[in-house]
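A.B. asks: Structure in structure tokens, see below.
The values are calculated or read from the model by the stated rules, or taken from the named source; none is laboratory data. These numbers come from a predicted model, not from an experiment. Virtual Cβ from ideal backbone geometry, glycine too; neighbours counted across all protein chains shown.
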Amino acid sequence: MNYTIARGDNLWNIAKNNYDCKSNAEIMQVINEIAKENDIKNINMINEGAELNLPETERFLFPTVDENKTRVDEFDDWTNGEENYQAVIAGEEIEEFQMFDLDLSTYSTDLKEFAQEYIDKYDEDGDGSWNIQEFKNMASAGAGIEEEYKDEYETLYNQLFEDLNIDEKAEAISAAEFASFLYTADVDWDNFHETGGDVASSIDGKLDYMNYQSFSSLEPGTEQYDNLQYQKKAFFDNFYAA
């Protein structure tokens, strides 16, 4: 298979996106296969516009296209994809993720439905919510936490789980709570403040990648962190509180 190297490409994302690898070790094996096939001396140096021959081997087969891929599968690809991660590192813009077509009259319902679909993907016990282990499985895209990063990510995931548990009535994340988190990631906060809090002109049913990912990097106790927690809870109380 011929592949044209695009801007921002590296052998890691080319291997990950075009082969069915189950681990980082397998990705590195694929990289070495590609380098050998194309006589690449330095795997960290490839040129935009150059042609690669991607070899198909017995161990590493091109993944089949899943025509039944759902929005939540596409959401996983968007949140965890190496391509978006590399774009962030390079300071490039990332296309927003379209959760649903915006209809203000059904916004909270559409948002909760999307959140429930995503919760169901990682809901192992079938109760319609995430317990802490299900949440950690989602946060690691089902791959688990690598041992060398375990302590760091355990701390992060525990904090995020606590942040999303808005009603504090149970040790679980409901669709309503996750929807409230997605709402705060949807809002264009610059416009929100410029218009004096006009929600209708500040939401569009899309998620900004940097806005979405920034929630895991905010320090508890800071003004930005407290503001986002307040907005999450306000949306939850206004639309979903029993």
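A.B. asks: If I ask for residues that are among the hydrophobic types (A, V, I, L, M, F, W, C) and out of contact with any strand residue (DSSP E or B) (no Cβ under 6 Å at 6 or more places or on another chain), which ones from the range 173-207 would you list?
C.D. replies: Let us first name the residues in the range 173-207 that are among the hydrophobic types (A, V, I, L, M, F, W, C), namely 173, 175-176, 178-179, 181-182, 185, 187, 189, 192, 199-200, 203, 207.
Result: Ala175, Ala176, Phe178, Ala179, Phe181, Leu182, Val187, Trp189, Phe192, Val199, Ala200, Ile203.
A.B. asks: A further question follows. Any idea which of Asn238, Asn165, Asn211 is in contact with a strand residue (DSSP E or B) (Cβ under 8 Å, 6 or more places away or on another chain) and within 18 Å of Ala115 (Cβ to Cβ)?
C.D. replies: Values: Asn238 fails: in contact with a strand residue (DSSP E or B) (Cβ under 8 Å, 6 or more places away or on another chain); Asn211 fails: in contact with a strand residue (DSSP E or B) (Cβ under 8 Å, 6 or more places away or on another chain).
Step by step, each of Asn238, Asn165, Asn211 is checked, and only Asn165 is in contact with a strand residue (DSSP E or B) (Cβ under 8 Å, 6 or more places away or on another chain) and within 18 Å of Ala115 (Cβ to Cβ).
A.B. asks: Take residues that are of a type in the set (D, E, K, R) and within 30 Å of Glu171 (Cβ to Cβ) and tell me which of the helices (runs of 4 or more DSSP H) falling wholly in the range 21-133 contain 2 or more. Walk me through it before giving the result.
C.D. replies: Details: elements: 24-37, 71-80, 82-89, 107-122.
Per the criteria, 71-80, 107-122.
A.B. asks: For Gly144, all conditions in the list (1) modelled with pLDDT of 90 or more; (2) of a type outside the set (A, V, I, L, M); (3) part of a loop (DSSP other than H, G, I, E, B) hold save one; what is the number of the exception?
C.D. replies: (1)
A.B. asks: Does Ile40 satisfy the condition of being farther than 22 Å from Glu146 by Cβ, β-branched (Val, Ile, Thr), in contact with a helix residue (DSSP H, G or I) (Cβ under 9 Å, 6 or more places away or on another chain) and crowded, with 18+ Cβ neighbours inside 10 Å? Step through it out loud before you land on a result.
C.D. replies: Numbers: farther than 22 Å from Glu146 by Cβ: yes; β-branched (Val, Ile, Thr): yes; in contact with a helix residue (DSSP H, G or I) (Cβ under 9 Å, 6 or more places away or on another chain): yes; crowded, with 18+ Cβ neighbours inside 10 Å: no.
No, not satisfied.
A.B. asks: For residues in the range 44-86 being surrounded by 15 or more Cβ atoms within 10 Å (Cβ to Cβ) and of a type in the set (A, V, I, L, M, F, W, C), which is modelled with the lowest pLDDT?
C.D. replies: Here the residue is Phe60.
A.B. asks: Would you call Gly91 of a type outside the set (Phe, Trp, Tyr), at pLDDT below 90, within 25 Å of Gln213 (Cβ to Cβ) and surrounded by 11 or more Cβ atoms within 10 Å (Cβ to Cβ)? Walk me through how you get there before you give the answer.
C.D. replies: Working: of a type outside the set (Phe, Trp, Tyr): yes; at pLDDT below 90: yes; within 25 Å of Gln213 (Cβ to Cβ): yes; surrounded by 11 or more Cβ atoms within 10 Å (Cβ to Cβ): no.
No, not satisfied.
A.B. asks: OK, next. Which one of these is free of Cβ contacts under 8 Å to residues at least 40 places away in the same chain, in contact with an Asp or Glu (Cβ under 9 Å, 6 or more places away or on another chain) and surrounded by 20 or more Cβ atoms within 10 Å (Cβ to Cβ): Ala175, Ala185, Ala179?
C.D. replies: Numbers: Ala175 fails: free of Cβ contacts under 8 Å to residues at least 40 places away in the same chain; Ala179 fails: free of Cβ contacts under 8 Å to residues at least 40 places away in the same chain.
Among Ala175, Ala185, Ala179, only Ala185 is free of Cβ contacts under 8 Å to residues at least 40 places away in the same chain, in contact with an Asp or Glu (Cβ under 9 Å, 6 or more places away or on another chain) and surrounded by 20 or more Cβ atoms within 10 Å (Cβ to Cβ).
A.B. asks: Look at the range 194-224 and say how many of its residues are buried (at least 16 other Cβ atoms within 10 Å of the Cβ), at pLDDT 85 or above and in a helix (DSSP H, G or I).
C.D. replies: Qualifying residue count for the region: 2.
A.B. asks: Tell me, yes or no, whether the range 190-202 has at least one residue that is under 30 Å from Asp127 (Cβ atoms) and in contact with a helix residue (DSSP H, G or I) (Cβ under 7 Å, 6 or more places away or on another chain).
C.D. replies: First pass over the range 190-202, keeping only residues under 30 Å from Asp127 (Cβ atoms): none.
No, the range 190-202 contains no residue that is under 30 Å from Asp127 (Cβ atoms) and in contact with a helix residue (DSSP H, G or I) (Cβ under 7 Å, 6 or more places away or on another chain).
A.B. asks: From Gln133, Gln213, Gln229, Gln224, which residue is assigned by TED's automatic domain parsing to the domain that holds Phe75, of a type outside the set (D, E, K, R) and more than 30 Å from Asp103 (Cβ to Cβ)?
C.D. replies: Numbers: Gln213 fails: more than 30 Å from Asp103 (Cβ to Cβ); Gln229 fails: more than 30 Å from Asp103 (Cβ to Cβ); Gln224 fails: more than 30 Å from Asp103 (Cβ to Cβ).
Result of the check over Gln133, Gln213, Gln229, Gln224: Gln133.
A.B. asks: Taking the range 225-242, which residues are hydroxyl-bearing (Ser, Thr, Tyr) and either closer than 29 Å to Glu152 by Cβ or exposed (fewer than 10 other Cβ atoms within 10 Å of the Cβ) (or both)? Spell out the reasoning first.
C.D. replies: Just the residues of the range 225-242 that are hydroxyl-bearing (Ser, Thr, Tyr), to begin with: 225, 230, 240.
Listed by number, the residues that qualify are Tyr225, Tyr230.
A.B. asks: Any residue at all in the range 144-155 that's over 24 Å from Lys16 (Cα atoms) and surrounded by 12 or more Cβ atoms within 10 Å (Cβ to Cβ)? Spell out the reasoning first.
C.D. replies: Our first condition is that a residue be over 24 Å from Lys16 (Cα atoms); within the range 144-155, this holds for 151-152, 154-155.
Still in the running and surrounded by 12 or more Cβ atoms within 10 Å (Cβ to Cβ): 154.
The answer is yes; a qualifying residue exists.
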